Amino acid sequence: MRSDRAGRVWGLIAIQASLRGGAVSAADVCTAAAAAVDVTGAWLIAAAGAEAGHLMRVTDEVSEQLAELELTLGEGPSLNASASGGPVLASDLGTSEAARRWPMFAVAAMQAGAGAIFAFPLRIGAIRAGVLGLYRVRPGPLTALQLGDALVFADTATLLLEAQDQAAGDRDPAAGPGGQPADLALHRAEIDQATGMLTEQLGTGIAEALLRLRAYAYAQDRRLADVAGDIVARRLRLSADADLAGDGET
């Protein structure tokens with residue numbers, strides 16, 4: 001029964017919180033889901049409305065790379081899951097279908113070490129709360145049991161995100177908004193700040209500035225957060241007529 005499964009999933013999440021030594025939070029869903037659903041890693045993005053979202057938790061370096069690749073390239077299973085409101089199950093990133101849906105992301109994700117990605121939207125009615133992403137090194141679908149568990153993990157993460165405004169004493173003082181680790185919070189803050197600076201430098205809107213930031217990072221084969229950090233530190237300045245293939249540095 002679903003209630004039994006929900007109870008089991010909650011117990012697994014509570015164990016992770018206990019091992020971490022803190023109150024149960026949405027961030028604990030990642031570690032628990034990766035083990036229970038038998039995937040290699042997981043990431044959790046919290047979003048509000050149509051915003052790109054904040055990366056709250058990753059289980060490993062590849063998970064962080066995959067989440068950032070989607071933001072940089074503007075395509076991928078997580079973005080589709082958020083837009084459609086339903087799960088996106090890419091059991092083999094090497095297929096022609098994956099290449100057609102995500103021509104840039106599919107190749108980059110495989111180079112990063114992923115063979116399959118499963119993305120689950122976190123929604124309450126029409127409200128988008130984020131995305132739970134799971135990946136495997138090797139291609140292969142989720143079993144019916146694993147899919148059912150993943151859906152319950154996503155539901156539980158949604159509820160925990162809604163309850164994240166708990167007492168300050170229950171939070172890790174070093175954590176960022178929503179309980180995300182301080183380093184991830186800093187990366188997101190720098191991306192937001194760099195985007196704002198580009199609106200002034202390029203004389204354009206937020207959406208276009210973020211697109212230019214993504215395009216530059218992709219063309220230079222650099223992490224989006226690293227490029228944003230250079231812009232914020234004024235080591236890099238993009239001009240409206242800049243050649244993205246160039247280094248753009250001043």
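The values are calculated or read from the model by the stated rules, or taken from the named source; none is laboratory data. Just so you know, these numbers come straight off a predicted model, no measurement behind them. Because the Cβ atoms are built from the backbone with ideal geometry, glycine has one as well, and the counts that use them run over all protein chains shown. Only protein heavy atoms, including side chains, enter the accessible area calculation; ligands, DNA and RNA are left aside. Shrake-Rupley method; radii C 1.70, N 1.55, O 1.52, S 1.80 Å.
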Being farther than 13 Å from residue 77 by Cβ and open to solvent by 20 Å² or more (accessible area, probe 1.4 Å) is the filter here; which residues of the stretch 113-124 pass it?
113, 123, 124
Would you check which residues across the stretch 83-98 are free of Cβ contacts under 8 Å to residues at least 12 places away in the same chain and open to solvent by 50 Å² or more (accessible area, probe 1.4 Å) and list them?
83, 95, 96, 97
For residues that are surrounded by fewer than 13 Cβ atoms within 10 Å (Cβ to Cβ) and part of a helix (DSSP H, G or I), scanning just the stretch 204-243, find the one that is modelled with the lowest pLDDT.
207
Give the residue that is surrounded by the fewest Cβ atoms within 10 Å (Cβ to Cβ), with candidates limited to residues of the stretch 137-146 that are aliphatic (A, V, I, L, M) and in contact (Cβ under 8 Å) with a residue 12 or more places away in the chain.
137
Inside the stretch 93-112, can you point out the residues that are more than 16 Å from the chain's Cα centre (by Cα) and either under 13 Å from residue 134 (Cα atoms) or among the aliphatic types (A, V, I, L, M) (or both)?
93, 98, 99, 104, 107, 110
Mind counting the residues in the stretch 54-68 that are within 18 Å of residue 222 (Cβ to Cβ) and open to solvent by less than 40 Å² (accessible area, probe 1.4 Å)?
6
Would you call residue 134 open to solvent by 30 Å² or more (accessible area, probe 1.4 Å), assigned to a strand (DSSP E or B), modelled with pLDDT of 95 or more and not β-branched (Val, Ile, Thr)?
no
Limited to the stretch 54-91, what total is found for residues that are closer than 19 Å to residue 152 by Cα, among the aliphatic types (A, V, I, L, M) and assigned to a helix (DSSP H, G or I)?
1
Being open to solvent by less than 30 Å² (accessible area, probe 1.4 Å), modelled with pLDDT of 90 or more and either in contact with a strand residue (DSSP E or B) (Cβ under 7 Å, 6 or more places away or on another chain) or basic (Lys, Arg) (or both) is the filter here; which residues of the stretch 4-53 pass it?
29, 30, 33, 34, 37, 39, 41, 42, 43, 44
Within the set of pairs 6 or more residues apart or between chains, which connect a residue that is without any contact (Cβ under 8 Å) to a residue 40 or more places away in the chain inside the stretch 63-82 to a residue that is among the basic types (Lys, Arg) and open to solvent by 10 Å² or more (accessible area, probe 1.4 Å) with Cβ atoms less than 9 Å apart?
75/101; 80/101
